[in-house]
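In what follows, a single structure is set out as structure tokens and then discussed.
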Amino acid sequence: MVSMTLKGESLKLKRLYGTNAVMLGRGLMRDPALLRRLRGGPDASAQELRTYHDRLLEAYRHRLSGDQPVMHRMWELWAYLSAGFTRPEPYLKRMRKAKNLSEYRAAVRSG
């Protein structure tokens, strides 16, 4: 598996391996604007990241039973998203300490 996040890297893969497609799953989790950026567009704004997070949280909340399974999924998301932030550790620590979704949401808003 090759990690690819930039347009130049995708073109390099095409030249090296003659591929017409790439898998973007984890890249999209880290950067929901990845497809737009590959087309030369801007990075995701803070509002776009917030909307992405909130929609995913609500989808997990409706699909999973209880706060803990939802928070575990969201912590997994933050393992990817946090790579795009400067010094995310204090915020991640608050999120991980949350005992319920209310505390988790408060921790996310504090960042």
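The values are calculated or read from the model by the stated rules, or taken from the named source; none is laboratory data. All values derive from a computational prediction rather than experimental measurement. Cβ sites come from the backbone with ideal geometry, for glycine too, and all protein chains shown count toward neighbours.
Remarks
- Only residues that are in a helix (DSSP H, G or I), modelled with pLDDT of 95 or more and polar (S, T, N, Q) were counted across the range 86-111, and they come to 1.
- Within the range 56-80, tally of residues that are over 18 Å from residue 25 (Cα atoms) and assigned to a helix (DSSP H, G or I): 10
- Candidate set from the range 26-38 (those that are within 11 Å of the chain's Cα centre (by Cα) and assigned to a helix (DSSP H, G or I)); member that is farthest from residue 97 (Cα to Cα): 34
- Leading residue by the ranking (modelled with the lowest pLDDT) among those in the range 2-25 that are among the polar types (S, T, N, Q), assigned to a loop (DSSP other than H, G, I, E, B) and within 20 Å of the chain's Cα centre (by Cα): 3
- Residue check for residue 83: part of a helix (DSSP H, G or I) and modelled with pLDDT of 95 or more: no
- Taken together, the criteria place residue 30 among residues that are surrounded by 15 or more Cβ atoms within 10 Å (Cβ to Cβ), at pLDDT below 90 and within 16 Å of residue 73 (Cα to Cα).
- Taking the numbered list (1) closer than 30 Å to residue 11 by Cβ; (2) not in a loop (DSSP other than H, G, I, E, B); (3) not hydrophobic (A, V, I, L, M, F, W, C) in turn, residue 41 passes all entries but (2).
- Flag for residue 87 being among the basic types (Lys, Arg) and either more than 21 Å from residue 31 (Cα to Cα) or touching a Phe, Trp or Tyr at 6+ places or on another chain (Cβ under 6 Å) (or both): no
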